[in-house]
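Undergrad: I have a structure here, written as structure tokens, and I will follow up with some questions on it.
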Amino acid sequence: MSEHHEHRQQSLTQATEARGLEALISRAARAGKGAAPVERWNPDFCGDLDMEIKADGTWFYLGTPIGRMPLVQLFSSVLRKDADGRTYLVTPVEKVGIRVADAPFVAVEMDVSGEGEDQVITFRTNVGDVIEAGPERPLRFVDENGTGGLKPYLLVRGRLEALVARPVMYELVGHGEEIEIDGRTMFSVRSKNAVFPIMPADQLKRLSA
């Protein structure tokens, strides 16, 4: 196949992808007023889109970062993670697969109000969602193998989580306390009357020794 022909084919694919993306954007815009009821829609799977959310929360399309925040916010409003572990953009008429390197969102800021059992920890994500951690929006802490690093995740909606950015994680850990859970003393944080264990207290002592 001649180089010219290959290039033409490529640009055709890109043109249809771009047009398809424009159509997807307009459908998402109609569908995504507020948080879209994506869990209720059951459209056909229409294949994968060359779109990826990197670990730092940056969205890429065809290998190029999407610099327009309103567009990222729009796409984020029609995101859904299914039981198959994959993440999709979903409108009432289509479902397209995208790649997610870690979590689709990043929690970039936190605020703590109240104390003790009345304490509430509120997070803001990179796309502007504001979420109070609690029984329905739990925090989970993953021990990252090999790095000794902790990765906290916050449930945003459905199965979609936000990775808590490292500076915010240090701030979060600063609000930790030792709480006994099922007979074991755990270093934990509280929010909205829920207790989220970070790690066993003795493990923390070894880490900070």
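Undergrad: Go through the residues of the stretch 110-132 one by one and say whether even a single one is farther than 29 Å from Arg80 by Cα and buried (at least 17 other Cβ atoms within 10 Å of the Cβ).
TA: Just the residues of the stretch 110-132 that are farther than 29 Å from Arg80 by Cα, to begin with: 113-119.
The next check asks that each one be buried (at least 17 other Cβ atoms within 10 Å of the Cβ); those that pass are 119.
Checking the stretch 110-132: at least one residue is farther than 29 Å from Arg80 by Cα and buried (at least 17 other Cβ atoms within 10 Å of the Cβ).
Matching residues to (1) within 25 Å of Ala36 (Cβ to Cβ); (2) of a type in the set (Phe, Trp, Tyr); (3) touching a residue at least 12 places away in the same chain (Cβ under 8 Å):
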{"position": "Val130", "(1), (2), (3)": "yes, no, no"}
{"position": "Leu150", "(1), (2), (3)": "no, no, yes"}
{"position": "Ala162", "(1), (2), (3)": "yes, no, yes"}
{"position": "Ile179", "(1), (2), (3)": "no, no, yes"}
{"position": "Val189", "(1), (2), (3)": "no, no, yes"}
{"position": "Asn193", "(1), (2), (3)": "no, no, yes"}
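Undergrad: Quick one: which of Ser113, Ser191 is hydroxyl-bearing (Ser, Thr, Tyr) and either in the same structural domain as Arg80 (by TED's automatic domain parsing) or touching a Lys or Arg at 6+ places or on another chain (Cβ under 9 Å) (or both)? Let's see the steps before the verdict.
TA: Working: Ser113 fails: either in the same structural domain as Arg80 (by TED's automatic domain parsing) or touching a Lys or Arg at 6+ places or on another chain (Cβ under 9 Å) (or both).
Just one listed residue meets the conditions, Ser191.
Undergrad: Among all residue pairs at least 6 apart or on different chains, which show Cβ distances below 6 Å where the first residue, located in the stretch 39-63, is closer than 20 Å to Val127 by Cα and free of Cβ contacts under 8 Å to residues at least 60 places away in the same chain and the second is charged (D, E, K, R) and surrounded by 14 or more Cβ atoms within 10 Å (Cβ to Cβ)?
TA: These pairs meet every condition: Glu52/Arg99; Phe60/Glu52.
Undergrad: May I ask you to verify whether Leu150 is surrounded by 14 or more Cβ atoms within 10 Å (Cβ to Cβ), part of a strand (DSSP E or B) and in the same structural domain as Leu163 (by TED's automatic domain parsing)? Let's see the steps before the verdict.
TA: Working: surrounded by 14 or more Cβ atoms within 10 Å (Cβ to Cβ): yes; part of a strand (DSSP E or B): yes; in the same structural domain as Leu163 (by TED's automatic domain parsing): yes.
So Leu150 fits the description; yes.
Undergrad: Sticking with this structure for a sec: Cβ-Cβ distance below 6 Å, separation of 6 or more or different chains: which pairs start in the stretch 93-119 with a residue that is over 25 Å from Leu49 (Cβ atoms) and end on one that is of a type in the set (Ser, Thr, Tyr) and surrounded by fewer than 19 Cβ atoms within 10 Å (Cβ to Cβ)?
TA: Asp111/Thr122
Undergrad: Against the definition (within 13 Å of the chain's Cα centre (by Cα) and closer than 30 Å to Glu22 by Cα), how does Gly97 come out, yes or no?
TA: no
The values are calculated or read from the model by the stated rules, or taken from the named source; none is laboratory data. Just so we're clear, the structure is a prediction, and the values are computed from it rather than from any experiment. Using ideal geometry, Cβ is built from the backbone for each residue, glycine included, and neighbour counts are taken over all protein chains shown.
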